[in-house]
Amino acid sequence: MAGTALIAGASGIVGGATAALLAERGWTVHGLSRRPTAQAGVTPVAADLQDADATAAALAGVDPDAVFITTWARQETEAENIRVNAAMVRNLLAALPRATRPRHVALVTGLKHYLGPFEAYGKGTLPQTPFREEQGRLDVDNFYYAQEDELFAAAARDRFTWSVHRPHTVIGKAVGNAMNMGTTLAVYASLCRETGRPFAFPGSPAQWHGLTDMTDARQLAQQLLWAVETPAAHDEAFNIVNGDVFRWQWMWGRIAAWFGLEAAPFDGTLRPLADQMADDAEVWRRIATREGLAEADLSRLASPWHTDADLGRPIEVVTDMSKSRRLGFTAYQPTDDAFFALFGQLRADRLIP
């Protein structure tokens, strides 16, 4: 089934992958972002979702069969995250015309549903891993819950179906993205190769030794489309990861080898990327100038704070996919291949040397 889609956050990692998949499948795609970028097969829509009137005006001529909410705005506190990000979902859904045919809205959140927000990340009493959808909400304020509540309220009011999708750390390409581990590691490896610094794992012993998983943006896009097209998936929440598990002590060497580096031995010491890369902006600018790279601003490529949050966790994090598997979603993506595909794309697009 190909129809008309609206993607909020089309220029981001998840939104971009979703737009590419839908365009490939013959959908008419409208991509909403504050500053749209050129994307093949995507009609740009410029709007700031924090501005209800501007959002309504921008969407006046858009009547989608499916809506994908793949964006959020990071704030200084969780209270502000809740206020701003709930309003963005509310403004978007209020701006849409009442559907005259079946409509589905898919919301992308993440594993902070189970781990808690950044202010209480991985603390307190957490559900047992692997995380399962029926484990429900923590007893803590969380902007993901506020976004869900806006979705549920609008669905009851406007009579559309919905799905919620909870990826682990997402691997994919986007410039200027707030949570971008794959590109951050690619930039870090490039800097280590340039400067001769050791390619040292920045995280915790728990992450180095424990099992984990990740989510390729293309894998997430496939589940988003599957949920639109599968009636049994309507009005449900789903975890979404690649389908494999790994340990960073194995993956780190794989990433090092791709860049022609030796992985530094891990001695259990936390070496946050925020510290390691704190003075690298000018180094990156010199590399970009010399190599003719497309982006010389290190801050638009790397998000060390987010990578540190994930790799510094003191607990093992793995995700159960049984719910969507039982309903027929069987896509699988090896995580090392996902990293390598991203690195190759970044190099081809002249974002890394």
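The values are calculated or read from the model by the stated rules, or taken from the named source; none is laboratory data. It should be emphasised that the depicted structure is a prediction, and the values quoted were computed from it without experimental measurement. Using ideal geometry, Cβ is built from the backbone for each residue, glycine included, and neighbour counts are taken over all protein chains shown. Ligands, DNA and RNA are stripped out before the accessible areas are found, and what is left, the full protein with its side chains, is counted by its heavy atoms. Shrake-Rupley method; radii C 1.70, N 1.55, O 1.52, S 1.80 Å.
Give all pairs with beta carbons closer than 6 Å in which a residue from the stretch 25-53 that is farther than 16 Å from A95 by Cβ meets a residue that is open to solvent by 50 Å² or more (accessible area, probe 1.4 Å) and assigned to a strand (DSSP E or B); count only pairs at least 6 apart in sequence or on separate chains.
Listed by first residue and then by second, the contacts come to P36/P44; P36/A46.
Please determine whether any residue of the stretch 333-346 is within 21 Å of L220 (Cα to Cα) and outside any helix (DSSP H, G or I).
Yes; the residues of the stretch 333-346 include at least one that is within 21 Å of L220 (Cα to Cα) and outside any helix (DSSP H, G or I).
Do you know which residues across the stretch 88-104 are assigned to a helix (DSSP H, G or I) and over 20 Å from T18 (Cα atoms)?
The answer is R90, N91, A94, A95.
Across the stretch 105-143, which residue is least open to solvent (accessible area, probe 1.4 Å) among those that are of a type outside the set (D, E), closer than 15 Å to E236 by Cα and in a helix (DSSP H, G or I)?
H113
Going through the stretch 47-57 one residue at a time, which ones are out of contact with any Asp or Glu (no Cβ under 9 Å at 6 or more places or on another chain), open to solvent by less than 60 Å² (accessible area, probe 1.4 Å) and either on the phi > 0 side of the Ramachandran plot or not in a loop (DSSP other than H, G, I, E, B) (or both)?
Listed by number, the residues that qualify are A52, A56.
Picking from A186, A154, A174, which residue would you name as being surrounded by 22 or more Cβ atoms within 10 Å (Cβ to Cβ), closer than 26 Å to A95 by Cβ and not β-branched (V, I, T)?
A174
From the list L211, L273, which one is farther than 30 Å from G26 by Cβ, open to solvent by 50 Å² or more (accessible area, probe 1.4 Å) and under 22 Å from the mean Cα position of the chain (by Cα)?
Result of the check over L211, L273: L211.
Is it the case that the stretch 23-44 has a residue that's assigned to a helix (DSSP H, G or I) and open to solvent by less than 30 Å² (accessible area, probe 1.4 Å)?
no
Of all residues in the stretch 157-171 being more than 24 Å from H113 (Cα to Cα) and either in contact (Cβ under 8 Å) with a residue 24 or more places away in the chain or of a type in the set (G, A, S) (or both), which is most open to solvent (accessible area, probe 1.4 Å)?
Selected residue: R159.
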